[in-house]
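Here's the structure, in structure tokens; my notes come after.
The values are calculated or read from the model by the stated rules, or taken from the named source; none is laboratory data. Since the model is a prediction, treat every value here as computed from it, not as a measurement. Note that each Cβ is placed from the backbone with ideal geometry, even for glycine, and that neighbours are counted across all protein chains shown.
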Amino acid sequence: MKNSLISETRDDCRFCTISNKISRRPFDHVISESKNYFAIASLGGFVNGWTLICTKDHRLNLREDYRSPEFKDFTQRVADTVGKVFGKSVFFEHGANLAGSATGCGTEHAHLHVVPYSHDFVEDTQRFDLTKSWSKSLLNVDEGEEYLLMANDLTSLFAQPTWHAVNFAESQFFRRALAHHTAQVQCYDYRASPGEANAQATAEILSSQMALTVEVQG
């Protein structure tokens, strides 16, 4: 068993309960899903439209998923829907590999952030922390290694993302960077600033848009 795979589902995991259609809060429901993935509104989303794409099985990172046609197709579908309503999105992942690691930001379930952002997120984030060494290529980290991964668009995400092999685990790196970019530094911590109203609005809007898309396709 890989280090990044814990179990199929876990009763104490918020994302697993959402995947199993158990809602703890009004916005804790699936917006869209495929066989192995589902999308939800992000808790602590201080940018309108902030969405998460999660695995249905309980794993710590998406290291292998970037090679999955299903993951690529589902991410495209979610990003297209977010884009229609909220504008161009960027993508990032805190790639944890150990339960309890600060890299995972307290969320021990693999997920990709899809966030509306009209500027160059990669360049802005590299300038935000000049101490990090970034690579621009297909993700190439050892099985036990943690990473940070980001991309300005879907083509880059699946062909040439920008990533950093983590030497020192730190919590909510990309959230801190995005809060800095958008002049909302006080909102970076999803625990202190859960933004439930934003999450609820995002869930309602995107659920409605997804339903419309399904009707048109049907």
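Against the criterion of being surrounded by fewer than 17 Cβ atoms within 10 Å (Cβ to Cβ), touching a strand residue (DSSP E or B) at 6+ places or on another chain (Cβ under 6 Å) and closer than 18 Å to Asp65 by Cα, Lys136 qualifies. Filtered by the rule that a residue be surrounded by 14 or more Cβ atoms within 10 Å (Cβ to Cβ) and of a type in the set (Val, Ile, Thr), region 147-192 gives Thr162, Val166, Thr182.
Go through Ile40, Ile18 for me and flag whichever is crowded, with 21+ Cβ neighbours inside 10 Å and part of a strand (DSSP E or B). Step through it out loud before you land on a result.
On the way: Ile18 fails: part of a strand (DSSP E or B).
Exactly one residue qualifies, and that residue is Ile40.
Among the numbered conditions (1) free of Cβ contacts under 8 Å to residues at least 24 places away in the same chain; (2) within 19 Å of Ala39 (Cβ to Cβ), the only one that Gly100 does not meet is (2). Test Glu70 against the stated conditions and say whether it is acidic (Asp, Glu), more than 25 Å from Arg14 (Cα to Cα) and in a helix (DSSP H, G or I). It is false that Glu70 is acidic (Asp, Glu), more than 25 Å from Arg14 (Cα to Cα) and in a helix (DSSP H, G or I). Need the failing condition index for Asp73 against (1) exposed (fewer than 14 other Cβ atoms within 10 Å of the Cβ); (2) touching a strand residue (DSSP E or B) at 6+ places or on another chain (Cβ under 6 Å), just the number. If we test Asp73 against (1) exposed (fewer than 14 other Cβ atoms within 10 Å of the Cβ); (2) touching a strand residue (DSSP E or B) at 6+ places or on another chain (Cβ under 6 Å), just (2) comes out false. Do the conditions hold for Thr9, that is, is it farther than 19 Å from Asn152 by Cβ, surrounded by 21 or more Cβ atoms within 10 Å (Cβ to Cβ), at pLDDT below 95 and touching a helix residue (DSSP H, G or I) at 6+ places or on another chain (Cβ under 9 Å)? Spelling it out, it is not the case that Thr9 is farther than 19 Å from Asn152 by Cβ, surrounded by 21 or more Cβ atoms within 10 Å (Cβ to Cβ), at pLDDT below 95 and touching a helix residue (DSSP H, G or I) at 6+ places or on another chain (Cβ under 9 Å). The criterion of at least 2 residues that are more than 26 Å from Leu43 (Cβ to Cβ) is met by the following helices (runs of 4 or more DSSP H) wholly inside region 120-218: 121-128, 154-159, 196-217. Taken over region 43-63, the residue count meeting the criterion of being out of contact with any His (no Cβ under 6 Å at 6 or more places or on another chain) and either hydrophobic (A, V, I, L, M, F, W, C) or free of Cβ contacts under 8 Å to residues at least 12 places away in the same chain (or both) is 7.
Within region 93-119, the residues that satisfy the criterion of being buried (at least 18 other Cβ atoms within 10 Å of the Cβ) and outside any loop (DSSP other than H, G, I, E, B) are Glu93, His94, Gly95, Thr103, Gly104, His111, Leu112, His113, Val114, Val115, Pro116.
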